[in-house]
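One structure is given here, and the rest of the page talks about it.
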Amino acid sequence: MAAPHVAASHTETVVDEQNPAVLEAMVQLFGPEGRADPYTPARVLREAGPVHVTPLGFPVLTRYEDCAAVLSTTAWSHAEEAGLMHPTVSPENAADELPTSFLWMEPPDHTRLRNLVTKGFTPRMVTRLRPRIEQLTEQLVDKALAAGEFDLVEFIAYPLPLIIACELIGVPPEAYGQVHQWSLDLARGFDHDYTLPEEALKARSAASRGFMTYFRELLNERRVNPTDDLLSVLSQVEDRGDVLTEQELLATCITTFVAGHETTANLIGTGMLRLLRSPDQIELLRERPDLLGVAPDELLRLEPSVQITTRAATRPITVAGHDFDKGDGVVILINSANHDEAVFPDPDRTDLTRYSDPKNPAKKHLGFSLGIHYCLGAPLALLEMEILLDVITRKVGALELLSENPPFKPNVVIRGLESLPVSFKGK
């Protein structure tokens, strides 16, 4: 495919970017105000039209059906994300600066790598983790109850997926703090390069290289002394003679760790904030434990950890009346699509019954994407959130939000809370 480029606003469906309301919504959505509430400006854009152009020149899609159509078809490629979002990274250095493995690939490379990785990330492996997740969650909630007032991000949202991801991959406890910091720095670096301060770009580079060096050393240990962790399994997987190269294996470990840790931590934090602001839904969970398995999907619909993503057209194509040439890039507003009132009735309301009716299920949210790039770690993320909700509703008698406006991290792409002061009291 040709190098990705920004599509020109050459059709009538692109709302005039001089429209003051649209411009204001764009600034709010992608600026600091949009971290606490991206959904209000997203609604303004969605109501104004299906396609807009950002100040950086990117066309953005605002409505569910258009976003879902792009994510679901091979007419759009995810392999150009680095070029669209990270123009300061040269193609020669991309593997070291942005080690994303198959995340930013298309078939046949995507198919080959994902099939190999899936062998080490089976549903049976995830199911096997349930007792350990339950044990760890009980410990974390007990610690929170003993504290009474605490930061839920610090006490629960990060430790739970961090420890599980480390144990799954094979990272020892003494390295938890370092890999956590690298993960934070790498997640921050997924925002567009032109919006990042110099220190964030330097931190991303250092995190990427630190991860590569660390996992290379860990890999060498596992080759001598293999265990039952994911790193050992991945080092041995093969399919018809095909194996992961060292670079692919290292990038896959980094992707698995960051995706499985950072995004799940954000889901826990923002999901619990939603529930604390909707105490009736917490009581509903107490009354109807059958909803525990579907509640995480509603929380992720409301608060997708990945707020935006990009694609590039693999051929001339029209979406929402807008013509794209081959190579044209587009931004998909997951935060807008997941709140599209044309698809989700009363979309801003927290409704834990939304996905509970198998005969009339709600549309699949885009929090895990769709199509061939559907999140490989989705079952694990949902399981961790389900178990946490179960433990909290069983053990915690009273939950209280101690700050009406808890701070969010500055991240645009991977959005999450900086802290969440709360109070827990036992039953």
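The values are calculated or read from the model by the stated rules, or taken from the named source; none is laboratory data. Since the structure is predicted, the reported quantities are computational estimates derived from the model, not experimental observations. We place every Cβ from the backbone using ideal geometry, glycine too, and count neighbours over all the protein chains shown.
Looking only at residues in the range 395-427 that are charged (D, E, K, R) and in contact (Cβ under 8 Å) with a residue 40 or more places away in the chain, which one is nearest to residue 308 (Cα to Cα)?
Just the residues of the range 395-427 that are charged (D, E, K, R), to begin with: 395, 400, 404, 409, 415, 418, 425, 427.
From what is left, the residues that are in contact (Cβ under 8 Å) with a residue 40 or more places away in the chain are 395, 400, 409, 415, 418, 425.
On the way: 395: 36, 400: 31, 409: 16, 415: 10, 418: 19, 425: 37 Å.
This residue is 415.
Within the range 231-240, can one find any residue that is surrounded by 14 or more Cβ atoms within 10 Å (Cβ to Cβ), among the hydrophobic types (A, V, I, L, M, F, W, C), out of contact with any helix residue (DSSP H, G or I) (no Cβ under 7 Å at 6 or more places or on another chain) and within 22 Å of residue 379 (Cβ to Cβ)?
Looking for residues that are surrounded by 14 or more Cβ atoms within 10 Å (Cβ to Cβ), among the hydrophobic types (A, V, I, L, M, F, W, C), out of contact with any helix residue (DSSP H, G or I) (no Cβ under 7 Å at 6 or more places or on another chain) and within 22 Å of residue 379 (Cβ to Cβ), one finds at least one in the range 231-240, hence yes.
Taking the range 41-71 as the search range and keeping residues that are closer than 17 Å to residue 343 by Cα and among the hydroxyl-bearing types (Ser, Thr, Tyr), which one is surrounded by the fewest Cβ atoms within 10 Å (Cβ to Cβ)?
It comes out as 64.
Residue-by-condition table, conditions (1) surrounded by fewer than 24 Cβ atoms within 10 Å (Cβ to Cβ); (2) among the charged types (D, E, K, R); (3) out of contact with any His (no Cβ under 9 Å at 6 or more places or on another chain):
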{"residue": "248", "(1), (2), (3)": "yes, yes, yes"}
{"residue": "251", "(1), (2), (3)": "no, no, yes"}
{"residue": "266", "(1), (2), (3)": "no, no, yes"}
{"residue": "269", "(1), (2), (3)": "no, no, yes"}
{"residue": "282", "(1), (2), (3)": "yes, no, yes"}
{"residue": "288", "(1), (2), (3)": "yes, yes, yes"}
{"residue": "299", "(1), (2), (3)": "no, no, yes"}
{"residue": "305", "(1), (2), (3)": "no, no, yes"}
{"residue": "310", "(1), (2), (3)": "no, no, no"}
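Hey, any hits in the range 316-329 for a residue that's at pLDDT below 95, within 21 Å of the chain's Cα centre (by Cα) and buried (at least 23 other Cβ atoms within 10 Å of the Cβ)?
yes
Scan the range 169-200 for residues that are outside any helix (DSSP H, G or I), buried (at least 16 other Cβ atoms within 10 Å of the Cβ) and either more than 18 Å from the chain's Cα centre (by Cα) or without any contact (Cβ under 8 Å) to a residue 12 or more places away in the chain (or both) and report the count. Give the steps one after another, and end with the answer.
The first filter runs over the range 169-200 and keeps only residues outside any helix (DSSP H, G or I), leaving 170-172, 189-192, 196-197.
The next check asks that each one be buried (at least 16 other Cβ atoms within 10 Å of the Cβ); those that pass are 170-171, 189-192, 196.
Next cut, either more than 18 Å from the chain's Cα centre (by Cα) or without any contact (Cβ under 8 Å) to a residue 12 or more places away in the chain (or both) only: 170-171, 196.
Qualifying residue count for the region: 3.
Which strands (runs of 3 or more DSSP E) does the range 259-357 wholly contain that include 3 or more residues that are touching a residue at least 12 places away in the same chain (Cβ under 8 Å) and out of contact with any helix residue (DSSP H, G or I) (no Cβ under 7 Å at 6 or more places or on another chain)?
On the way: elements: 308-313, 317-319, 322-324, 328-333.
Strands (runs of 3 or more DSSP E) meeting the threshold: 322-324.
Rundown of residues vs (1) in a loop (DSSP other than H, G, I, E, B); (2) of a type in the set (Val, Ile, Thr); (3) modelled with pLDDT of 95 or more, yes/no style:
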site: 145; (1), (2), (3): no, no, yes
site: 160; (1), (2), (3): no, no, yes
site: 208; (1), (2), (3): no, no, no
site: 233; (1), (2), (3): no, yes, no
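If you go through the range 393-407 one residue at a time, do you hit one that is modelled with pLDDT of 95 or more, within 19 Å of the chain's Cα centre (by Cα) and within 18 Å of residue 260 (Cα to Cα)?
No, that holds for no residue.
What residue, among those in the range 147-158 that are part of a helix (DSSP H, G or I) and either touching a residue at least 24 places away in the same chain (Cβ under 8 Å) or over 27 Å from residue 127 (Cα atoms) (or both), is nearest to the chain's Cα centre (by Cα)? It would help to see each step written out before you state the result.
Going residue by residue through the range 147-158, those that are part of a helix (DSSP H, G or I) are 147, 152-157.
Add one more test, that the residue is either touching a residue at least 24 places away in the same chain (Cβ under 8 Å) or over 27 Å from residue 127 (Cα atoms) (or both), and what stays is 147, 152-154, 156-157.
Working: 147: 30, 152: 19, 153: 16, 154: 19, 156: 18, 157: 14 Å.
Selected residue: 157.
Yes or no, residue by residue, for (1) acidic (Asp, Glu); (2) in contact with a Gly (Cβ under 6 Å, 6 or more places away or on another chain); (3) more than 21 Å from residue 356 (Cβ to Cβ):
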| position | (1), (2), (3) |
| --- | --- |
| 225 | no, no, yes |
| 231 | no, yes, yes |
| 260 | no, yes, yes |
| 271 | no, no, no |
| 282 | no, no, no |
| 291 | no, no, no |
| 295 | no, no, no |
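If the requirement is being outside any loop (DSSP other than H, G, I, E, B) and touching a residue at least 40 places away in the same chain (Cβ under 8 Å), which of these qualifies: 45, 56?
On the way: 56 fails: outside any loop (DSSP other than H, G, I, E, B).
On inspection, the qualifying residue turns out to be 45.
Take residue 217 and decide whether it is within 21 Å of residue 409 (Cβ to Cβ) and either among the charged types (D, E, K, R) or outside any helix (DSSP H, G or I) (or both).
Details: within 21 Å of residue 409 (Cβ to Cβ): no; either among the charged types (D, E, K, R) or outside any helix (DSSP H, G or I) (or both): yes.
Criteria not met by residue 217.
Search the range 109-127 for residues being surrounded by 19 or more Cβ atoms within 10 Å (Cβ to Cβ) and not in a helix (DSSP H, G or I), and hand back the single one that is modelled with the highest pLDDT.
The extreme case among them is 121.
Residue by residue through the range 228-286, note down the ones that are among the β-branched types (Val, Ile, Thr) and within 14 Å of residue 303 (Cα to Cα).
We begin by selecting, within the range 228-286, every residue among the β-branched types (Val, Ile, Thr); these are 233, 237, 243, 245, 252, 254-256, 258, 263-264, 268, 270, 282.
263, 264, 268, 270 - these are the residues of the range 228-286 that are among the β-branched types (Val, Ile, Thr) and within 14 Å of residue 303 (Cα to Cα).
Residues being over 18 Å from residue 59 (Cα atoms) and aliphatic (A, V, I, L, M): count how many of those fall in the range 20-43.
1
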